[in-house]
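**Student:** If you scroll down you'll find the structure; I have some questions about it.
The values are calculated or read from the model by the stated rules, or taken from the named source; none is laboratory data. From a predicted model like this one, the values you see are computed outputs, not experimental measurements. All Cβ positions, glycine included, derive from the backbone under ideal geometry; neighbour counts span all protein chains shown. Side chains are part of the model used for accessible areas, which takes the heavy atoms of the whole protein and leaves out ligands, DNA and RNA. Shrake-Rupley method; radii C 1.70, N 1.55, O 1.52, S 1.80 Å.
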Amino acid sequence: MTSFVTAPALRISRLEDRYPSGGYEEDWTVQQFCGDWITTNGGSKGIAKAKIDFLDAKLIVHAFGAPASAPIDWGPVVAGIFTDGPNSSRIRAFHAFYDFGFMESYLQAKTEKAVLVVASFNRFKDQSGRANYFSREFFHRIA
Amino acid sequence: MGPLKSSRTEDCPDSPLPQPAQLDIRPLLGTWVNTNASGWGIAKVIISEEKNGAYIEAFGSGSPALIEWGKRPLSTIYAKDVGSSTAMAFDAQYDLEFMDVRMEGNCNLGLLVLACLNVFKDGSGRSNYFSREFFGRKETV
């Protein structure tokens with residue numbers, strides 16, 4: 001006859017201590033991007049905030065440049081959506097493009113643990129002598 | 001020249017810009033090998049400087065041999081800010097006929113972080129996808 005030993009209830013300090021593991025699950029839908037996002041850096045000189053919506057099957061990104069006290073409205077643009085693999089339906093990133101006339105910005109964005117990570121590739125077209133520049137910023141959702 | 005236009009505060013230089021604004025691209029140059037030797041993505045890239053600009057040559061993972069993507073010019077090279085003269089990022093475009101790949105790379109802590117935005121054009125039903133991989137510089141080029 002086989003006997004079984006029942007393990008006592010395991011004590012945990014957080015949900016991820018559970019076995020099988022529990023805890024945070026990544027959102028692989030387009031909803032991971034939707035909402036109002038604000039920079040985690042209060043002194044940011046880059047993107048102050050962004051509003052992202054999914055409307056009519058399009059991801060609409062509406063960004064605002066710093067300063068946060070008087071944000072510069074970049075207006076809404078439609079972003080391209082990318083999965084995490086050619087045979088996957090899991091949404092991994094978006095790519096948005098802004099043409100300001102005097103400069104262009106490509107925004108490459110993804111979420112990690114509910115933080116929006118945006119890398120921007122910024123190219124000047126105005127012959128001002130400014131160097132094209134790269135920046136990477138983090139945002140948390142406020143709504 | 002009038003006041004500089006800006007989309008955000010960091011578009012405005014903190015001090016007068018150096019003239020001429022020539023970027024030092026040496027931080028980008030070299031042979032970069034994927035930190036994940038068994039990855040299914042890009043195995044290796046070579047970034048070089050030639051008389052008429054900088055180029056990237058990418059090699060996709062493959063068996064029995066790597067898949068050569070060919071050499072393409074770096075479309076734009078980026079510094080860390082508007083007043084910097086040191087390159088730290090770039091983008092490049094590959095048209096592989098059946099798909100387009102926009103590469104966006106940046107150097108960070110001795111690594112090349114390479115993101116690819118992959119768009120299929122062949123009607124195969126494959127999803128357009130995003131990849132992000134890390135590369136270490138091979139010392140002996």
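**Student:** Out of all the residues in the stretch A:38-68, which are in a strand (DSSP E or B) and surrounded by fewer than 18 Cβ atoms within 10 Å (Cβ to Cβ)?
**Tutor:** Hits for the stretch A:38-68 are A:K51, A:D53, A:F54, A:L55, A:K58, A:I60, A:H62.
**Student:** Within the stretch B:49-60, identify whether any single residue is more than 23 Å from A:Y106 (Cα to Cα), among the polar types (S, T, N, Q) and more than 14 Å from chain A (Cβ to nearest Cβ), and answer yes or no.
**Tutor:** yes
**Student:** Here's a follow-up. Name the residues in the stretch A:50-90 that are facing chain B (nearest Cβ under 9 Å) and under 21 Å from B:M103 (Cβ atoms), would you?
**Tutor:** Residues satisfying the conditions are A:G80, A:I81, A:F82, A:T83, A:D84, A:G85, A:P86, A:S88.
**Student:** Please indicate, with yes or no, whether at least one residue in the stretch B:105-115 is open to solvent by 70 Å² or more (accessible area, probe 1.4 Å) and either touching a helix residue (DSSP H, G or I) at 6+ places or on another chain (Cβ under 6 Å) or of a type outside the set (A, V, I, L, M) (or both).
**Tutor:** Yes: one or more hits.
**Student:** Name the pairs whose Cβ atoms lie under 6 Å apart, with the first residue in the stretch A:114-126 and in contact (Cβ under 8 Å) with a residue 40 or more places away in the chain, the second open to solvent by 10 Å² or more (accessible area, probe 1.4 Å) and hydrophobic (A, V, I, L, M, F, W, C), and 6 or more positions between them or separate chains?
**Tutor:** A:V115/A:F138
**Student:** Between A:A119, A:A96, which is at pLDDT 95 or above, more than 10 Å from chain B (Cβ to nearest Cβ) and either open to solvent by 10 Å² or more (accessible area, probe 1.4 Å) or assigned to a strand (DSSP E or B) (or both)?
**Tutor:** The match here is A:A96.
**Student:** One residue is enough: does the stretch B:28-47 have a residue meeting the conditions in a loop (DSSP other than H, G, I, E, B), touching a Lys or Arg at 6+ places or on another chain (Cβ under 7 Å) and open to solvent by 30 Å² or more (accessible area, probe 1.4 Å)?
**Tutor:** For the stretch B:28-47, residues in a loop (DSSP other than H, G, I, E, B), touching a Lys or Arg at 6+ places or on another chain (Cβ under 7 Å) and open to solvent by 30 Å² or more (accessible area, probe 1.4 Å): absent.
**Student:** Right, something else. Applying the selection to the stretch B:61-74, what residues are assigned to a strand (DSSP E or B), surrounded by fewer than 16 Cβ atoms within 10 Å (Cβ to Cβ) and not basic (K, R)?
**Tutor:** We begin by selecting, within the stretch B:61-74, every residue assigned to a strand (DSSP E or B); these are B:67-74.
Retained after the next criterion (residues that are surrounded by fewer than 16 Cβ atoms within 10 Å (Cβ to Cβ)): B:67-68, B:70-71, B:73.
Within the stretch B:61-74, B:I67, B:E68, B:G70, B:P73 meet the criteria.
**Student:** Being acidic (D, E) and more than 8 Å from every other protein chain (Cβ to nearest Cβ) is the filter here, so list the residues in the stretch B:100-141 that pass it.
**Tutor:** Initially, the stretch B:100-141 is screened for residues acidic (D, E), giving B:100, B:104, B:122, B:133, B:139.
The answer is B:D100, B:D122, B:E133, B:E139.
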